[in-house]
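This report refers to the structure that appears directly beneath it.
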Amino acid sequence: MSIDLEVRDGVAVVTINRPERLNAMDADHYRGLSEAWIRIRDDIDIRVAIVTGAGERAFTTGADIKSFVANPADLSQMWLTQRDQLLNRGLEVWKPVICAVNGLCLGGGMTLLLGTDIRVAAEHASFSLAEAKRGVIPANGGTQRILSQLPYAIAMEMLLTGDSIDAATALRWGLINRVVPSNQLMDAAFDYARRIAAAAPLAVQAAKELAIRGQDVDLPTGLRMEQLVLRLLQSTEDAKEGAAAFAEKRPPIYSGR
């Protein structure tokens, strides 16, 4: 029972490791997940992250209902908004995050997926926001992100009925990028991760931030933000390395500076 974090070659792998409970998360697991995201955010040697679940049955089914619904936190905690922040609840992580869905992606698993950037799923994966069937709502971004990531009618069907869709349907609607056999899932995720890690990390993080923040501003403001960030990037060592590598017809070696 843990949140495991392994880092190699600039790629962090976060594994929700509670397969005996379909990787459902209690308060300790959410706290561990928060700590993992903070390390990914702050560690300069990490360029990209993959999040997955242990075993082959579930990515995560989200919050452990027994530990949360039956025992809600004291109301005073409602205003501790900066405590134990998550990728999909307030924490700003501009390094790309790849979601490797190895089975059930339900409730909080779905809201976690909605906070990631690239998604790969095993053929047997399924997806749902089932909270309405339990008398609650998909918090941690479920109600706030779903309409921007799926067509309105499809998003509302998932949100209001709590019914699930399979991997093929999720791919058709653009919720995920690829569907692969189960034994190829992590290879597919690492393929994305290696390609991202080979790019200039400051440029990658800037592109992600601009794309996300640009959704909340008008186009002229977004274009101006692009100009300012581009000017900053042009002064970096990585920009010089990129130009030199192109001229010398060799792969660039980026330092993140």
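Pairs meeting the criteria (first residue in region 122-139 and in the same structural domain as LEU112 (by TED's automatic domain parsing) and in a helix (DSSP H, G or I), second residue surrounded by fewer than 16 Cβ atoms within 10 Å (Cβ to Cβ) and not aromatic (Phe, Trp, Tyr), beta carbons under 6 Å, at least 6 apart or on different chains) are GLU131/ILE137.
Looking at CYS105, is it within 19 Å of ILE137 (Cβ to Cβ), crowded, with 24+ Cβ neighbours inside 10 Å and not charged (D, E, K, R)? Yes. Out of curiosity, is ALA155 over 13 Å from GLU123 (Cα atoms) and not assigned by TED's automatic domain parsing to the domain that holds GLY109? No.
When each of ALA170, ALA245 is tested for being over 20 Å from the mean Cα position of the chain (by Cα), surrounded by 14 or more Cβ atoms within 10 Å (Cβ to Cβ) and outside any loop (DSSP other than H, G, I, E, B), the lone residue that passes is ALA245.
Pairing each residue of region 90-113 that is farther than 21 Å from VAL179 by Cβ with any residue that is aromatic (Phe, Trp, Tyr) and surrounded by 24 or more Cβ atoms within 10 Å (Cβ to Cβ), provided the two are 6+ apart or on different chains, yields C-beta distances under 9 Å for LEU91/TRP37; VAL93/TRP37. Counting only helices (runs of 4 or more DSSP H) that sit completely within region 174-241, those holding 2 or more residues that are touching a Phe, Trp or Tyr at 6+ places or on another chain (Cβ under 6 Å) and outside the structural domain of PRO96 (by TED's automatic domain parsing) correspond to 201-213.
The values are calculated or read from the model by the stated rules, or taken from the named source; none is laboratory data. Only a predicted model underlies this, so the values are computations on that prediction, with no experimental measurement involved. Backbone-built Cβ (ideal geometry, glycine too); neighbour counts: all protein chains shown.
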